[in-house]
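Only the coordinates and a few stated rules stand behind these numbers; no lab work does. None of the values given here were measured: they were computed from a predicted structure. Counting neighbours? That spans all protein chains shown, and the Cβs are built from the backbone with ideal geometry, glycine included.
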Amino acid sequence: MAAGSNSAYSLLHPKIQSWIYSRGWTQLNPAQVQSIHAILDTQNDLVISAPTASGKTEAAFLPLISELLASDSPTGGLIVYVSPLKALINDQWKRLESLCKEVDIQIIPWHGDISAATKGRVSSSLRSVILITPESLEAMLVNRPQLARSIAKKLTSFVLDEFHSFVGEHRGEQLVSLLDRFSLLAERYVRRVALSATLGDRSAVARLLSPTKPSRVQHIQASQEGQSIRLRVFGFESGEVHIQMDPEADENIPDKDDKEPVDFLHYVGRQIYEHRNSTNLIFPNSRSNTEVIVDIGNQLCTEAGVPKCFWAHHGLLSKDVREDVEQRAREGAKPMSISCTSTLEMGIDIGAVDSVFQVGPTQSVSSLRQRLGRSGRRGKQPVLRAYVNEKSLESPAAQNDYSVMFRESLLRSMACLELIASDWYEPPEIEGISLCITAHQILSILAQTGGTSASKLWRQIQSAEAYSCSLDHFKQILNSLGDKELIIQLSNGMLTLSERGERMTHSMDFYTVFDTEREFSVFNSGNLIARIPISSLLAEGDYLLLAGRRWIIKSINEASQSISVVQAQVRGITPGGAGRLRIHTRIRKKMKQILESNSIPGYVDETSLKLLSEARERYHLLGLHDTSVLGFHDGLVTWFPWSGSRSVSGIQFLLTALTDDSPTVHSRELGVTAKCSSFLEAKEKLLALSLQEVEEQMLAFFSTTLESAVTPSSGKWSWLLPKSLKYIDCFSRDIDLPQAIEELLSFEPPVAEEDLSAVTTDI
């Protein structure tokens with residue numbers, strides 16, 4: 001081995017060395033060398049950031065298992081690997097099985113599909129590795145506290161895979177809380193090793209992984225120098241009405257406004273069809289469009305008399321259907337194009353992928369980079385083809401929709417691509433643990449312990465790394481849980497769960513912290529095809545697209561929540577839809593920069609270049625090179641802050657809370673319209689107030705004016721909180737108040753008020 005590899009290799013346990021030698025490895029890659037030294041020479045927490053299929057798993061497990069083998073602890077040792085997906089657990093089990101078997105370590109996948117007998121091996125094993133989800137960790141603490149305590153005593157380390165998927169999510173906050181609770185049971189800190197393909201802002205990642213001691217986090221970044229990327233952006237311009245109707249179907253395709261017009265999807269489907277002799281991943285941004293793409297592609301195959309090669313993969317499909325697609329891809333016997341959601345954005349091994357098709361813009365640079373990383377594996381060059389759809393400027397909608405005027409989808413796609421090229425990714429959003437998760441975890445702790453005193457519970461909350469909760473908020477949460485009859489206080493002062501609280505904490509629904517919908521199982525001849533949300537409002541005789549096939553509903557059983565279908569030849573609808581935007585400010589600023597530039601990107605096609613030229617012309621004619629504000633005769637102005645989603649939300653609520661105005665946020669969050677006097681009034685008040693005073697006014701506004709309204713978003717467990725804390729919870733997650741204040745203070749009124757209609761007439 002090379003000198004660097006040799007020094008790291010020599011640190012590994014002889015059994016691990018033997019395993020590496022038996023595989024014919026001639027050297028370790030740089031990330032593996034660095035991680036071996038970091039784990040075996042220090043007690044640091046570790047973040048290993050490297051592309052998909054770059055050996056991150058081995059970088060973590062080779063030294064951690066070496067450490068396990070070298071330990072002479074009479075209790076043995078145990079590594080807990082935490083994954084966001086059951087499918088990834090199964091994939092990693094296959095990957096690590098040979099290593100663990102050779103060194104005589106039990107490796108145990110732990111989820112609902114695994115038998116109790118298999119799980120039971122963890123108690124009898126001296127050394128073992130557990131592969132588990134956060135939800136199963138939660139269930140273990142609640143339902144099997146003695147086993148959790150036994151595992152904690154043997155714990156040597158946590159490995160947190162696809163760490164970026166937890167960042168900024170309630171699920172990530174739950175995970176950090178669970179890590180703290182296991183460290184408490186272990187009566188020592190347990191090392192954390194995080195694996196991710198894409199992570200921005202190292203300091204923020206460190207604060208998320210280890211909130212109280214970020215200095216102990218070491219970051220290893222695998223080099224991607226020398227790797228070139230082939231990419232192309234294809235534009236499509238649709239008219240106002242292009243939705244195709246099937247005379248035998250009761251619904252249009254697409255079934256919701258957030259879907260792309262069918263003619264665009266046919267265009268994309270035909271483009272992918274032309275590449276059918278290669279293996280491709282397609283990301284259409286919604287479950288519905290995922291199925292529509294497959295349907296279109298296979299129709300083209302049938303018409304041409306060639307074998308069908310389009311397949312669907314998403315979370316509503318059954319495990320058997322998904323695994324069949326994954327296995328076909330790994331075998332690589334025939335080319336296939338897999339239309340998928342984020343289910344294949346993670347590191348599940350599906351073999352070599354020739355190219356990635358992105359249909360519509362992504363919300364984040366990180367997501368697009370993750371998807372791009374699915375191609376270019378095994379020595380191949382990464383290939384990305386991005387497709388964007390824009391309405392014609394001749395359509396009535398274009399006259400009042402800035403997202404159409406400025407070609408928002410195209411700009412956002414270009415911005416994300418150029419930020420990837422500059423090696424920038426979104427930093428994690430870390431605001432401390434959400435109060436709704438704090439409330440959820442209090443119930444979980446009481447279920448785990450059987451009861452404890454308020455003071456002891458507070459000490460645990462206060463000392464844990466995960467929680468950011470004041471004593472006052474803690475007391476309010478306890479009172480709220482009591483008011484909701486979930487906890488009771490005994491005569492001796494002990495807090496414990498009520499009967500209602502016990503029922504709730506021992507239900508399967510309790511272990512998840514993300515919102516879930518009621519789902520129906522779809523069967524054909526007794527075989528499970530998929531599970532679909534009840535919001536799909538289906539009836540007998542309706543048509544569906546699932547697993548790339550067409551179905552007609554024959555019967556619905558409300559009691560068993562099941563649907564029986566048979567194959568059909570007509571078009572159908574698909575369940576699902578797109579979520580709300582969550583765009584970072586850096587993306588918006590880059591979009592503005594592209595608009596104001598005269599450069600002609602070499603990666604866009606002729607149609608995209610035409611769309612870009614139109615956007616730049618409209619932007620220039622509106623005078624937005626010189627000002628960010630358009631004025632109107634009625635005193636209204638439209639301001640373009642080019643700021644992120646959380647900042648725009650903050651601007652909207654600041655204007656509403658500090659003035660008598662009700663601002664309008666335009667499509668895609670590009671513009672905010674209100675009275676010019678309202679912007680100036682809000683700006684004047686902000687200059688006279690401290691940040692704390694602004695926060696107090698905002699919270700007062702939430703708790704009074706919006707008392708009967710729906711908050712911008714709410715977590716699954718926000719109902720546990722008292723009303724005042726519910727607003728704080730929402731406020732901290734969905735509003736970037738400091739940035740919103742900064743943006744509002746930069747507002748300048750237009751030099752002259754002009755009627756937009758007069759301006760657009762001349763364009």
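Of all DSSP beta bridges confined to the chain, the antiparallel ones make up roughly 35%. The Cα-based radius of gyration and maximum Cα-Cα distance (Dmax) for the stretch 348-400 are 15.7, 49 Å. The P(r) of the stretch 329-368 has a tail past 16 Å containing 40 percent of all C-alpha pairs. Spacing of the modelled spin labels on E394 and A333, each 7 Å from Cα toward Cβ, amounts to 5.1 nm. Just report the Cα centroid separation between the stretch 149-172 and the stretch 681-706, whole Å. Cα centres, the stretch 149-172 to the stretch 681-706: 38 Å. Legend: residue pairs K683/K726; K86/K319; K308/K334; K153/K213; K589/K675; K475/K716, Cα-Cα distance threshold 18 Å; pairs beyond threshold, K683/K726; K153/K213; K589/K675; K475/K716.
The stretch 435-511 gives an Rg/Rh value of 0.93, both radii derived from C-alpha positions and Rh following Kirkwood. At an R0 of 60 angstrom, the distance between the Cβ atoms of L621 and K716 translates into a FRET efficiency of 0.80.
Calculate the FRET efficiency for E742 and L699 from the Cβ-Cβ distance with a Förster distance of 25 Å, rounded to the nearest 0.05. Plugging the Cβ-Cβ distance into 1/(1 + (r/R0)^6) gives 0.80. Model label points for T75 and I556, set 7 angstrom from Cα along the Cα-to-Cβ axis, are 5.4 nm apart. One quarter of the surface of the convex hull around the alpha-carbon atoms of the stretch 52-176 equals 7.7 nm², the direction-averaged projected area. Note on the chain: helix-only mean residue ellipticity at 222 nm, from DSSP H runs of 4+ residues weighted -39500 (n - 2.57) and normalised by residue number, equals -13000 deg cm²/dmol. For the stretch 101-169, the calculated P(r) over all alpha carbon pairs, in 5 Å bins from 0 to the bin holding the longest distance, is 3, 13, 25, 28, 17, 9, 4, 1 percent. For the stretch 385-531, the relative contact order works out to 16 percent when only alpha carbon pairs closer than 8 Å and six or more residues apart are counted. For the stretch 303-391, treating each Cα as an identical point scatterer without solvent, what Debye log10 I(q)/I(0) comes out at q = 0.19, 0.21 1/Å? Rounded to two decimals, the profile gives -0.97, -1.15. The dipole here belongs to the chain: it is taken about the Cα centre, uses +1 on the Cβ of Lys and Arg and -1 on the Cβ of Asp and Glu, and is about 3380 debye. Panel values: the chain, Kirkwood radius from alpha carbon pairs, Stokes-Einstein at 37 °C and 0.692 mPa s, translational diffusion coefficient 116 µm²/s. Computed extension gain for S521 through S18, at 0.36 nm per residue and net of the alpha carbon distance, reaches 176.3 nm. Its residue count N fixes a reference of 2.2 N^0.38 Å for the stretch 3-221, and the Cα radius of gyration divided by that reference is 0.96. Can you work out the FRET efficiency for the pair D509 and D483, with r the C-beta to C-beta distance and R0 = 22 Å, to the nearest 0.05? Given R0 = 22 Å and the Cβ-Cβ separation, E is 0.55.
Under a no-solvent Debye model with one identical scatterer per Cα of the stretch 587-690, what's log10 I(q)/I(0) at q = 0.23 Å⁻¹? Log10 of I(q)/I(0), two decimals: -1.27.
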